[in-house]
Amino acid sequence: MVLISFILLKIILETVIYWEKREHNRMNILVNDIDVEFSGINLLELADKHGFKDKTGVAVAVNESVIPKSEWQNYILNQNDAVLIITPAQGG
């Protein structure tokens, strides 16, 4: 019972910290060389805000390191990060 209470308390505290950080976490980042104010926390939130979260064939790099889509939720963005978003284009 004590272990369950400890686990629940930890989850509650992590949730509170997450939302407090989200409320106060306004930062400037570069998205494809454009200065953007971003109030989210992770790369998945940025993808959602800019409309490429559910698109296929998208490549994203942060500070010249490619971040796999499977890691977007866990990749925390920081002030002055440079994000490069590459999407496929048709043409000839």
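Odds and ends about this structure:
- Counting DSSP beta bridges with both ends in the chain, the antiparallel % (nearest 5): 85 percent
- Using only side-chain charges placed at the Cβ, +1 for Lys and Arg and -1 for Asp and Glu, the dipole size of the chain relative to its Cα centre rounds to 260 debye.
- Between Leu13, Leu43, Leu77, the residue with the greatest mean-square fluctuation in the GNM of the chain (Cα pairs under 10 Å linked by springs) is Leu13.
- Summed over qualifying helices (DSSP H, 4 residues or more, each -39500 (n - 2.57)) and divided by its residue number, the chain shows a 222 nm mean residue ellipticity of -10500 deg cm²/dmol.
- Efficiency of FRET between Ile86 and Thr15 - r from beta-carbon atoms, R0 30 angstrom, step 0.05: 0.35
- Angle between the chain longest axis and helix 2-24 axis [Cα atoms, degrees, rounded to 10]: 40 degrees
- With a cut-off of 11 Å between beta carbons, the residues surrounding Asn28 carry a summed charge of -2, where Lys and Arg count +1 and Asp and Glu -1.
Each reported figure results from applying straightforward, stated rules to the coordinates on display, with no laboratory input. Because the structure is predicted, anything quoted here is derived from the model rather than measured. All Cβ positions, glycine included, derive from the backbone under ideal geometry; neighbour counts span all protein chains shown.
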